[in-house]
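Scroll down for the structure; my scribbles are underneath it.
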Protein chains: 2
Amino acid sequence: MYSGVYPIAPTTFDERGALDLESQRRVIDFLVDADVDGICILANYSEQFALADDERDLLTRTILDHVADRVPVIVATSHYSARVAAARSRRAREMGAAMVMLMPPYHGATIRPDTEGVVAFYRTVADAIDIPIVIQDAPVSGVTLSPALLARLIQEIDRVSLVKVEVAGTAAKLRALIALAGPPLEGPFDGEEGITLFADLDAGATGTMPSAMIPDVLGRVVRLYLQGRRDEATALYEEYLLLINYENRQCGLLATKALMKEGGIIASEAARPPTPPLHPATRAGLVELARRRDPLVLRWGR
Amino acid sequence: MYSGVYPIAPTTFDERGALDLESQRRVIDFLVDADVDGICILANYSEQFALADDERDLLTRTILDHVADRVPVIVATSHYSARVAAARSRRAREMGAAMVMLMPPYHGATIRPDTEGVVAFYRTVADAIDIPIVIQDAPVSGVTLSPALLARLIQEIDRVSLVKVEVAGTAAKLRALIALAGPPLEGPFDGEEGITLFADLDAGATGTMPSAMIPDVLGRVVRLYLQGRRDEATALYEEYLLLINYENRQCGLLATKALMKEGGIIASEAARPPTPPLHPATRAGLVELARRRDPLVLRWGR
């Protein structure tokens, strides 16, 4: 089984919106030093939806070169077209990705395939590569993946072997999925900044794909839990829960960048427009909560 | 005022999903021969959401080279990121686009900016080019653009001067928009295969951006109407309305491709997966309705 913490690396921009590869490399070094089990890039918290294709390629190559096999890297390669998603996945594999992660196909508010279209999509991607595929089950796709459909994808398609669930009722869904899918499911993970991690671990999650804000802490929570030290895991998680709650409900993807800027890891916390910046009061609230615990993200770059 | 018919050219693929540029050029020649006022490429009916960036570039260059100024070409350049959308628009302009068309920014089911984000988005794109911008107001974006917001965009941003409305209540929205925006609105257009064209012309639409199925007919409808020959325009529109209805409600973007294949214009009618093919019975129903009127799309390639 895959287990532990696989945070989503933010994509770093300068104030004018251009890629900042120097900050990007520091994000990666911070994550490796935070003792993560792997790193996921080009996901939604990486603002993948704000990138051009050539920027995706440049980021993948830059990050994989810089990681240099210190930890496994999961590259998110979602696209509506099965052909384009397969090509993206093949390129990520060639550059050294350990896994790829894909949402089911979607576009905008109205364009979605039917169930058979979803199955054929993952089959096309799987046929193009020889590394594991993570299904990302997230609200942004607007596609409902039932536990039965997820189990079918895992059982019918060889390389589909991990699932990141981050929807309403994640714990219940993971529990149902684990029962239905059996051993071919090698990584029942959650996501969403770890906001449901307590219930998800109890439901059988072996790993989490949170933001890159406190990956050191969330990694310890998962490892303690899997060692049977549930009380210690719970206490540690509770200690950081108000910060996680504030990230999840008030800040979204901007939280990690704000604390990385505050901690001197990255040069700019700008997201690409039209994603708006944090309101200064929201940002101040986040920093205040973080300082109470002084996590690695505030200390590493100093 | 801009007026007439500006159909959306389908993107042509072979049976394996690769671009078929030979068929693509024949689509363009058909449209020019259909006496269109302009051609729009890379829109949703062009399956823009199923293309990689390098394919968008190749298609834009190939089509603009092939059109060779015979008609103006509108290139759709939507992207969530204002920076990427501006870069796409600049490239389209450099290749010879007469206008660009953009939906407001969106991603998936959940990611949308607020009103100020929408305004800033169009401003960033406008600052990058010196050709007119068409705002595309379509359900796929999942963004609600009120007549007041559309009027504000048109009045505040110099190059924003046309709007393609294709939402529930298009006629009423066009009427409200025309009253609010005044002369800076140089092209109140509708879309959606022309399914609401009758009411939209009465509401003040001066042009339509339908599919490429019967652009010769819809062009004549608009021109007759604008010449004050409303009864003749209505009679001609009614003659084709069952076909338009069947396209709009039963077939979507696959209708044009099916009839272009049937008429020998293109080699394959395949859409890119996961967009499913037409059911054979649906396709047969479409072809039967088209044959009753024997439109140019069935005759041009023979």
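The values are calculated or read from the model by the stated rules, or taken from the named source; none is laboratory data. Computed from a predicted model, the values in this text were never measured in an experiment. Methodologically, a virtual Cβ is constructed for each residue, glycine included, from the backbone with ideal geometry; neighbour enumeration extends over all protein chains shown.
Summary table below
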| item | result |
| --- | --- |
| Top-ranked residue of the stretch B:255-280 - restricted to ones that are within 24 Å of B:R299 (Cβ to Cβ) and of a type in the set (S, T, Y), ranked as surrounded by the fewest Cβ atoms within 10 Å (Cβ to Cβ) | B:S268 |
| Contacts under 9 angstrom Cβ, first residue in the stretch A:117-128 being farther than 12 Å from A:P104 by Cβ, partner buried (at least 18 other Cβ atoms within 10 Å of the Cβ) and hydroxyl-bearing (S, T, Y), 6 or more apart | A:A126/A:S89; A:A128/A:S89 |
| Among the candidates A:S141, A:S146, residue that is farther than 17 Å from A:A43 by Cα and either surrounded by fewer than 21 Cβ atoms within 10 Å (Cβ to Cβ) or within 16 Å of the chain's Cα centre (by Cα) (or both) | A:S146 |
| Unmet criterion (only one of (1) more than 17 Å from A:V140 (Cβ to Cβ); (2) facing chain A (nearest Cβ under 7 Å); (3) surrounded by 20 or more Cβ atoms within 10 Å (Cβ to Cβ)) for B:A126 | (2) |
| Contacts under 8 angstrom Cβ, first residue in the stretch B:205-226 being under 21 Å from B:V134 (Cα atoms), partner among the basic types (K, R), 6 or more apart | B:M209/B:K164 |
| Hey, B:Y45 touching a residue at least 24 places away in the same chain (Cβ under 8 Å), in contact with a Phe, Trp or Tyr (Cβ under 8 Å, 6 or more places away or on another chain) and crowded, with 20+ Cβ neighbours inside 10 Å or not | no |
| Filtered residues of the stretch A:267-277 (kept if more than 19 Å from the chain's Cα centre (by Cα) and in contact (Cβ under 8 Å) with a residue 24 or more places away in the chain) | A:A267, A:S268, A:A270, A:P273 |
| Yes/no for B:Q136 being under 20 Å from the mean Cα position of the chain (by Cα) and of a type in the set (S, T, N, Q) | yes |
| Those residues of the stretch B:194-218 which are out of contact with any Gly (no Cβ under 9 Å at 6 or more places or on another chain) and charged (D, E, K, R), in sequence order | B:D202, B:D216 |
| B:D114 vs. criteria within 12 Å of another protein chain (Cβ to nearest Cβ) and either of a type in the set (D, E) or within 16 Å of B:V5 (Cα to Cα) (or both) | yes |
| Answer from A:L218, A:L197, A:L145, A:L226 - the residue that is more than 14 Å from every other protein chain (Cβ to nearest Cβ), in contact with an Asp or Glu (Cβ under 7 Å, 6 or more places away or on another chain) and at pLDDT 95 or above | A:L197 |
| Residues located in the stretch A:129-142, provided they are in contact with a helix residue (DSSP H, G or I) (Cβ under 6 Å, 6 or more places away or on another chain) and within 14 Å of chain B (Cβ to nearest Cβ) | A:V140 |
| Search result, residues across the stretch A:60-86 that are assigned to a helix (DSSP H, G or I) and either more than 14 Å from chain B (Cβ to nearest Cβ) or of a type in the set (D, E, K, R) (or both) | A:T60, A:R61, A:T62, A:I63, A:L64, A:D65, A:H66, A:V67, A:R83 |
| Scope the stretch A:87-110; condition within 8 Å of chain B (Cβ to nearest Cβ), surrounded by 19 or more Cβ atoms within 10 Å (Cβ to Cβ) and of a type in the set (V, I, T); matching residues | none |
